[in-house]
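Taking it in order: structure first as structure tokens, then the write-up.
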Amino acid sequence: MTSAVVTELLLTAPGGEVALWRSKRDSFQIPHTGVRLTETAQQAASDLVSQLGMPGGLGRLVAVDSQTVSGQAATVHTYTAQPLTPAQTQALGDAAEAATVWMSPEAAADRLRPNVGWRLRHALEGRATGRVAQLEDGWPQIGSAVGLHPDKRAELESIHALSEYDFVAHRPGVWASVVILITDPQGRVLLVEPSYAGRLLMPGGGVEADTGETPRQAAAREWKEELGIPAAVGTLLATDWVSHPDIPRICYVYDGGILDPDALDQIRLPHPELVAWHLVSPDKLGHCPVPGRFASRLHTCLALRGSGRRAVELVNGRLPE
């Protein structure tokens, strides 16, 4: 006898609510479908997405759960999809002869069977961290890149109970990024306006570490991509550790010097990613859509520029106490 294979969809609304199916018996399930012998789990998930006509199509795999239900072995593959409105997921509930209901992730996990609730929690963590949860009856297994509690990880590391590959899988990840501090002769700071963020940012972006790129190389690349003019990346002003519940960030802040009016006139933004650039006086940052920790980072780095001091360490935009 072969084990059953099921694929399910982690559907969320823009506000973060999770979609569940509620049956006539008032039981709750994650939207799902069985996988036929002639198709893969991903194909089954894609078919389920097509039934709804969901914009953006199928997302990525975030969890694989081996479980036993009523003596029958089953493997559940959990995929994501683009955030949806309740109206867009109602068709899924209709197809299953069940109502589609929306609730917070914790409320949804509490309404599901315990092992399914834990699978939902770990699938959400996998989505947030860019990893895949390897589960058995909803619980992470040794080697799972998601879900193992930090205390348990530390315990296993202390007794050398992890293989080399499991050790790497369990280590927490960090995102590396760069920004460049550029001003004009009047001391105004150059900020760019992304089309997707609703705020102003210093030019910069992520470090493509998988290509072997270094932070300084990333700063030069981002300068050229975002401003369209030759890069002149100067000294490192600061590193900034940015706390985050899913993946913390470390940002390298470089001095881009002073651009004169002729150089500023040559800026060519990469549409549609960036829609405008602005010169903002440091004392006016509080009146601009600039996140507080970024403003603090910027003020600190402006003070460092030309001071002769070495690069400093910041935590959430501020000098550590």
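The values are calculated or read from the model by the stated rules, or taken from the named source; none is laboratory data. Bear in mind that the values here come from a model prediction, so they are computed numbers and not experimental data. Methodologically, a virtual Cβ is constructed for each residue, glycine included, from the backbone with ideal geometry; neighbour enumeration extends over all protein chains shown. Just so you know, the surface numbers come from the protein's heavy atoms only, side chains and all, with ligands and any DNA or RNA stripped out. Shrake-Rupley method; radii C 1.70, N 1.55, O 1.52, S 1.80 Å.
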Legend entry - Exposure rank, largest accessible area first [Arg293, Arg221, Arg25; 1.4 Å]: Arg25, Arg293, Arg221
Legend entry - Euclidean distance between Cα centres, the stretch 253-321 to the stretch 118-145, Å: 38
Inset, instruction - Within the set of other residues whose C-beta is less than 11 Å from the C-beta of Leu304, count the net charge using Lys and Arg as +1 and Asp and Glu as -1. - result: +3
Inset, instruction - Considering only DSSP beta bridges where both residues belong to the chain, give the percentage that are antiparallel (nearest 5). - result: 60
Inset, instruction - For n ≥ 4 DSSP H runs only, could you compute -39500 (n - 2.57) per run for the chain, divide by its residues and tell me the 222 nm figure to the nearest 500? - result: -8500 deg cm²/dmol
Inset, instruction - Calculate, in nm to one decimal, what Ala154 and Ala13 gain on full extension: separation in residues at 0.36 nm each, minus their alpha carbon distance. - result: 47.2 nm
Inset, instruction - Beta carbons within 10 angstrom, averaged per residue: use that to sort the peptides 275-288, 170-183, highest first. - result: 170-183, 275-288
Legend entry - Unit Cα scatterers, Debye sum, the stretch 183-289: log10 I(q)/I(0) for q = 0.13 Å⁻¹: -0.51
Legend entry - Cβ crowding within 10 Å averaged over residues, with 151-159, 197-205 ranked highest first: 197-205, 151-159
Legend entry - Two-site FRET efficiency, Trp241 against His278, from Cβ-Cβ distance with R₀ of 30 Å, rounded to 0.05: 0.65
Legend entry - Rg over Rh [alpha-carbon atoms, Kirkwood Rh] for the stretch 264-321: 1.05
Inset, instruction - Go through 210-216, 236-242, 41-47 and give me the packing order, highest mean Cβ count within 10 Å leading. - result: 236-242, 41-47, 210-216
Legend entry - Top of Tyr252, Tyr196, Tyr79 by mean-square fluctuation, Gaussian network on the chain, Cα under 10 Å: Tyr196
Legend entry - Cα-centre dipole for the chain with unit charges at Cβ (Lys and Arg positive, Asp and Glu negative), debye to 20: 380
Legend entry - Surface accessible to a 1.4 Å probe, per residue, for the residues of the stretch 204-321, Å²: 56
Inset, instruction - State the answer as a single residue: which of His287, Gly147, Ser50 lies farthest towards the positive end of the charge dipole of the chain, with beta carbon charges of +1 for Lys and Arg and -1 for Asp and Glu, about the Cα centre. - result: His287
Legend entry - Which label in (i) 21.4; (ii) 20.6; (iii) 17.7 gives the computed mean projected area of the Cα convex hull in nm²: (i)
